Amino acid sequence: MTTKQILLVEDNPDDVELTMRAFRSASISHTLTVATDGAEALVALFGPPNGSPPAELPELVLLDLKLPIFDGFDVLRRIRANPRTRHLPVVILTSSTQPEDLETGYALGANSYLQKPVSFGDFLTMARQVASYWLTLNRPAHSPAKARVFG
Amino acid sequence: MHLVPRFMRWSALSLRTKGLIVVGLPVLPMAVFWAFAVAAVIRQGPPANTTSRSLIVQASLARVFSDLLDADAAARHNLFTDSTKALQRYHSAIDRLPADLSVLDNAMIDPSLRQSLLKLQELVDEELAVLTRLTGRTPTELAKMGEVEALDRSVALLEEIRALAGTMEKGQASLAASRSEQNRRTQRMIFAGFLVISVACVGGGILAALLLANSVKRRAIVLARNADRLAHGLPPEPLPVGEDEIGTVDARLREAGRLLTRRERDLRDRTGDLEQANRELEAFAYSVSHDLRAPLRAIDGFSEALESDCADRLDNGGRDSLRRVRAAARRMETIIDELLALSQLGRVEPKRQRVDIGGSAAAILAEFARRSPGRGVDITVAPGLMADADPDLVHIALHNLLDNAWKYTGKTARPRIEVGLSPEGSVPVFHVRDNGAGFDMAQSGKLFGAFQRLHTNHDFEGTGIGLATVQRIINRHGGRIWAESVVNGGATFFFTLEPDVRTPV
């Protein structure tokens, strides 16, 4: 039995640390896998370029938009294009306040678009809400692991 | 090159000259014709004269002849009877003669008949001489002197005079007839000439006027089309030749078009530069807001981490310092948000619709009251405050103005905020009035500048962007905003939401 995981795609180490603290404070037991750029995120989801895909998929992807190599929208596009990852919940977590980014995010199939608050208190609240909504209420019912158990 | 000299070419003539030609073409020949006609009539003299003169000639010829006949008869009577009465008759007949001859002389003025008149005079003189020889004598004396043949001579002369008088009478009559015939011919000719010339002149005039009108119209149409083309930025069509006023206007139009095109190009270049600068500024604002947020988040987040992880190692002073760090981060976040909003106002175009200013203001104030109960602000919103404006932008502007009013009445004993309509100006002037801290009117120039603050953060918190944002919104609507205030006596902000036609640009 592997531990359930969340993929955090975030290039800013401060934000990575703060997100980890927030999830820890919110008592979320999932492993937080970190990808610091778009390419790493793709490897984490689809495996290395000539290798096999990873056995386990994360239960949730937290996606920053401004990323080196591939930006957040590229990663989102790949996720939605692949049948294996099509149903993954993807929450965009960004500093961007541009209305265009929000529109593009939803148009490409993001499940939620959250603006990172400056206040750590607000950030903590947001982490709790994300966890309760996406990890508890809306667990993917058709995850491959479960299918194997019941099938 | 043209074979015709320049001043004779129709196209080289000015409209004024062409107009004069068009008017002169029918008038001038008509005038010349009338001059000739009047001259002919004058030369001919009054037509009735000739006829009446011929009657006078006829009568006076008859009288002259009868005078001579009387004289001859009286002389003969006297000769044979020696009657004194006969001698008297003879003398009276001779006396009448000069007057009758003089009338004849005056009436017969035609040179062709003067010759006959001289001849008549000769004959009359000779007859008088013959009759003189007969009077005062007896037939015997006459025979003795050998002058009996005088009797025959008188008869022959009288016969000759009668014949001459007849000829003269006829000559005068035929002259009169030919004169009146000539008159009729002249009249007919004048009438026919008048008819022909009139028709020719009117026809020519119409033709010339049509030619002129057509040439003016044709080129005026091209001119009008060229003006349209220039207005749409198209090159003008060539104008049909002409060096008159229309040609001048066309040349000016072309020059104006060239200048316009050049200025438009300059303007486009400048607008392009401006748009580029605007885009860069927006990109800058966006990147600032994005890039400054992350460190702020780190400052706040790690301050919190320090607070909770090292709580046992921090004294009150340390905890207070951390609280201040976090408060400063929060304030900076507000500044960044407002600055970003201000930078984005530049590209929104107000979408006008009916906006309930009063309702909007009341809702905002109600929200303020809910957030800080116990303030007890006396709020007055005038009824029926409506405007045609962008509801979202107006909401932001009202929010900022009312937020100021709310904030600056924070230290007032009986705070009062009033939203209303001022009875002045050709467009509605709305106002937000408070009885708060106010500001020094000497500083009012700084009121609407970004980051300009008239109060210290110690007295009243603020970013200095609120009123800059309000002004930006009002300006986007073409309106104006201004303020009146007394220090510690409150402030009133007036604003309009549409261009005031009377305000000079």
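Would you mind working out the accessible area per residue for region A:1-119, using a 1.4 Å probe, and quoting it in Å²?
45
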Provide, for q = 0.10, 0.21 Å⁻¹, the log10 of I(q)/I(0) from a solvent-free Debye sum over equal Cα point scatterers in region B:213-342.
-> -0.59, -1.11
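First compute the accessible area of chain B with a 1.4 Å probe, then give the percent of it belonging to carbon and sulfur atoms. Present the calculation step by step, with values, prior to reporting the outcome.
Working: 17910 of 29710 Å².
Answer for chain B: carbon and sulfur cover 60 percent of the accessible area.
Would you compute, from DSSP H runs of 4+ residues alone, the mean residue ellipticity of the protein assembly as shown at 222 nm, taking -39500 (n - 2.57) per run and dividing by the full residue count, rounded to the nearest 500? Working shown, then result.
Working: 17 runs with 400 residues, N = 656.
After summing the helix terms and dividing by the residues of the protein assembly as shown, the value is -21500 deg cm²/dmol.
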Rounded to the nearest whole Å², what accessible area per residue is found for region B:126-194 with the 1.4 Å probe?
-> 58
Cα centroid of region A:20-73 to Cα centroid of region B:199-262, whole Å | 76
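Let me know the shape class of region B:341-398, please: from the alpha-carbon gyration tensor, a ≥ b ≥ c as square roots of the eigenvalues, rounded when a/c is under 1.5, otherwise prolate if a/b is greater than b/c, or oblate. Don't skip to the end; give the middle numbers.
Details: a/c = 3.87, a/b = 1.56, b/c = 2.49.
Oblate, because a/c is 1.5 or more while a/b does not exceed b/c.
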With the dipole of chain B worked out from charges on the C-beta (+1 for Lys and Arg, -1 for Asp and Glu) around the Cα centre, which of B:VAL486, B:ILE417, B:PHE191 lies farthest toward the positive end?
-> B:ILE417
Global geometry of region B:334-440, whether rounded, prolate or oblate, following the gyration tensor of its Cα atoms and the 1.5 cut on a/c | oblate
Which angle from 0 to 90°, rounded to the nearest 10, does the C-alpha axis of helix B:357-371 make with the longest principal axis of chain B?
-> 10
Looking only at lysines whose Cα falls under 19 Å of A:LYS66's and that sit 8 or more positions away or on another chain, we get A:LYS116
To the nearest 10 degrees, how steeply does helix B:149-231 sit against the main Cα axis of chain B, on a 0 to 90 scale?
-> 10
How big is the charge dipole of chain A about its Cα centre, in debye rounded to the nearest 20, if each Lys and Arg gets +1 on its Cβ and each Asp and Glu gets -1 on its Cβ?
-> 840
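On alpha carbon coordinates alone, what is the Rg over Rh value for region B:83-215, Rh being the Kirkwood radius?
Values: Rg = 29.7 Å, Rh = 20.2 Å.
Reported Rg/Rh (Cα atoms, Kirkwood Rh): 1.47.
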Among the residues of region A:1-21, which ones have their accessible area go down by 40 Å² or more when all the protein chains sit together, as opposed to their chain alone (1.4 Å probe)?
-> A:ASP14, A:LEU18, A:ARG21
For chain B, which span is the longest to avoid every loop-located (per DSSP) member of GluC sites (Glu not before Pro) having at most 15 other Cβ atoms inside 10 Å?
-> B:244-423
Using θ = phi - 60° and the Karplus curve 6.51 cos²θ - 1.76 cosθ + 1.60, what whole-Hz ³J(HN,Hα) does each residue of region B:294-303 get, with Gly and Pro shown as x?
-> 4, x, 4, 4, 5, 4, 5, x, 6, 5
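Averaged across A:96-107, how many Cβ atoms of other chains sit within 10 Å of each residue's Cβ atom? Intermediate values should be presented prior to the final figure.
Working: counts 4, 9, 6, 1, 0, 2, 0, 0, 0, 0, 0, 0.
Partner Cβ neighbours, averaged per residue: 2.
Under 1.5 on a/c is rounded, so check that first for region A:27-69, then, if it is not, pick prolate when a/b is larger than b/c and oblate when it is not; a ≥ b ≥ c are the square roots of the alpha carbon gyration tensor eigenvalues.
Values: a/c = 2.74, a/b = 1.14, b/c = 2.41.
Oblate, because a/c is 1.5 or more while a/b does not exceed b/c.
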Which of B:VAL155, B:SER11, B:VAL288 sits farthest toward the positive end of the charge dipole of chain B, with +1 on the Cβ of Lys and Arg and -1 on the Cβ of Asp and Glu?
-> B:VAL288
Between the Cα axis of helix B:111-134 and the main Cα principal axis of chain B, the angle (0 to 90°, nearest 10) is 30
Dividing the mean separation of Cα pairs under 8 Å (6+ apart) by the residue count of region A:1-130 yields a relative contact order in percent of 25
Non-local residues with an amide H under 5 Å from the amide H of B:ALA483, with H modelled 1.01 Å from N and Pro and chain starts lacking one, are B:PHE494
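Express the relative contact order of region B:328-431 as a whole percentage, based on alpha carbon pairs under 8 Å and six or more residues apart in sequence. Walk me through the intermediate numbers first.
On the way: 101 pairs, mean separation 30.2, N = 104.
This gives 29 percent for region B:328-431.
If you take every DSSP beta bridge whose two residues both sit in chain B, what share of them, in percent to the nearest 5, is antiparallel?
Antiparallel bridges: around 85 percent, rounded to the nearest 5.
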Could you tell me which of B:ASN278, B:LEU267, B:LEU223 has its Cα farthest along the dipole of region B:210-297 towards the positive end, charges placed at Cβ (Lys, Arg +1; Asp, Glu -1), taken about the Cα centre?
-> B:LEU223
What is the set of long-range amide H partners of A:ALA35 at a cut-off below 5 Å, with H atoms built 1.01 Å from backbone N?
-> A:LEU8, A:VAL9, A:GLU10
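Which value, in debye to the nearest 20, gives the size of the charge dipole of region B:92-169 about its Cα centre, when Lys and Arg are +1 and Asp and Glu are -1 at the Cβ? Let's see the in-between values first.
Details: 8 positive and 15 negative charges, 31 e Å.
Rounded to the nearest 20 debye, it is 140 debye.
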Per residue of region A:36-46, in order, report the coupling 6.51 cos²θ - 1.76 cosθ + 1.60 (Karplus, θ = phi - 60°) as ³J(HN,Hα) in whole Hz, putting x for Gly and Pro.
-> 8, 8, x, 5, 4, 4, 5, 4, 4, 8, 10
In debye to the nearest 20, the charge dipole size for the protein assembly as shown, taken about the Cα centre with +1 at each Lys and Arg Cβ and -1 at each Asp and Glu Cβ, equals 920
Sequence-distant aspartates and glutamates (8 or more away, or on other chains) whose Cα lies within less than 12 Å of B:LYS351 | B:ASP388, B:ASP390, B:ASP392
Which FRET efficiency value, to the nearest 0.05, is calculated for B:VAL38 and B:LEU207 with the Förster distance at 41 angstrom and r the Cβ-Cβ distance?
-> 0.90
Give the span of chain B's Cα atoms along each principal axis, as three whole-Å numbers ordered largest to smallest.
-> 205, 62, 35
Taking a probe of 1.4 Å and counting only protein heavy atoms, give the total accessible area buried between chains B and A in Å², rounded to the nearest 100.
-> 1800
³J(HN,Hα), Karplus 6.51/-1.76/1.60, whole Hz, each residue of region B:394-401, x for Gly, Pro | 4, 4, 4, 4, 4, 4, 5, 5
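The values are calculated or read from the model by the stated rules, or taken from the named source; none is laboratory data. All values derive from a computational prediction rather than experimental measurement. Note: ideal-geometry Cβ built from the backbone for every residue, glycine included; neighbour counts use all protein chains shown. Ligands, DNA and RNA are excluded from the accessible area calculation, which covers all protein heavy atoms including side chains. Shrake-Rupley method; radii C 1.70, N 1.55, O 1.52, S 1.80 Å.
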